[in-house]
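The values are calculated or read from the model by the stated rules, or taken from the named source; none is laboratory data. No experiment lies behind these values; they were computed from the predicted model shown. So basically every Cβ, Gly included, is an ideal-geometry build from the backbone, and we count neighbours across all protein chains shown.
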């Protein structure tokens, strides 16, 4: 007689229900307003299953009914839309000269975007964690005071991040071996919601996939701008992390023709020469185009310097425009490597690379067309429209991922 493991059977049925719940949520998110019958017809789930799942999702505040529609054959139907307003995800981002926090709900609405001027590189990890914790506490107080529940927090870092949320190496920050998730959790005194850490590039490309003009693109790359230049890579609709989670470190690709040992190439924070970050990172751009910008001290506020570069470029300053063209060529050379490897539909650049895009991207596109084996018409190179908080927005989205995957909020 064959025995049946009832616990396995129950777990399997539970997994199926979670998956079906995610299907219903995703359909309503994309096609609202829609009826239960619409959901059943378009997803292939039977009507009884859809009715049960929808009732459950309404009970947990993830869907809501908006009334009846008469614009159909037969009986009027009650229409459904995504709700989730009571639930919030928080995203944090360590930038070149600031910390950013974004709170967003399931519909993608940004409930707050706060910035704090802060230079993490000279401050060090301990002081940075304290500043991140203080910013988080303020955001939690604001959203919970409005009757919302925080489901999770995800922090974006310009460096390598392992599966435990530790940072083995972040050359742009001068960090090595920082257990960042654990330290932030300790600083927040175990806040009652999950805390995750990911690369800023992975979170930025996640934000592009969900909120940008190329949302849903199956093959997409986002290059971050900042002290580091990282690549968030999506291929076939899936985020590429690599075997250890370290994929996308394009900032340390040597882009000068003579390679990283060229004596005259700019030194990178990783210890090598000629890396993309040493040529197109925000610090490199400012020092290349504005030689008078803090020549003997680190720059701790890049916004006014980028504004100056923009103003000079608009005014036709020959030196600045020539420099931007040269930086654009370096950028295009690096992008051509990614295009040959991954064959994306779109590559978007963020941060200062997007801000300076009108002058960087024409040269980058020319270099891309010359440097890739693929037909140049097959890929678009564009500036991101999500602004400098893209990674934080992606972090807020990531913090809601378990709910979007069909898990009911544990609140």
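Among all residue pairs at least 6 apart or on different chains, which show Cβ distances below 9 Å where the first residue, located in the stretch 179-204, is under 18 Å from residue 127 (Cβ atoms) and not assigned by TED's automatic domain parsing to the domain that holds residue 95 and the second is at pLDDT below 95 and surrounded by 24 or more Cβ atoms within 10 Å (Cβ to Cβ)?
none
Inspect the stretch 346-366 for any residue being part of a loop (DSSP other than H, G, I, E, B) and touching a residue at least 12 places away in the same chain (Cβ under 8 Å) and give the result as yes or no.
Yes, the stretch 346-366 contains at least one residue that is part of a loop (DSSP other than H, G, I, E, B) and touching a residue at least 12 places away in the same chain (Cβ under 8 Å).
Against the conditions (1) free of Cβ contacts under 8 Å to residues at least 12 places away in the same chain; (2) more than 23 Å from the chain's Cα centre (by Cα); (3) under 15 Å from residue 221 (Cβ atoms), where does residue 307 fall short? Just the number, please.
(3)
Please work out which one of (1) under 30 Å from residue 390 (Cα atoms); (2) touching a strand residue (DSSP E or B) at 6+ places or on another chain (Cβ under 7 Å); (3) surrounded by 21 or more Cβ atoms within 10 Å (Cβ to Cβ) is the condition residue 25 fails and give its number.
(2)
In the stretch 165-178, what count of residues is obtained for those that are touching a helix residue (DSSP H, G or I) at 6+ places or on another chain (Cβ under 8 Å) and either under 14 Å from residue 155 (Cα atoms) or without any contact (Cβ under 8 Å) to a residue 40 or more places away in the chain (or both)? Before the answer, list the steps.
Initial filter on the stretch 165-178 (touching a helix residue (DSSP H, G or I) at 6+ places or on another chain (Cβ under 8 Å)): 165-167, 171-175, 178.
Next, only the ones that are either under 14 Å from residue 155 (Cα atoms) or without any contact (Cβ under 8 Å) to a residue 40 or more places away in the chain (or both) stay: 165-167, 178.
Residues in the stretch 165-178 being touching a helix residue (DSSP H, G or I) at 6+ places or on another chain (Cβ under 8 Å) and either under 14 Å from residue 155 (Cα atoms) or without any contact (Cβ under 8 Å) to a residue 40 or more places away in the chain (or both): 4 in total.
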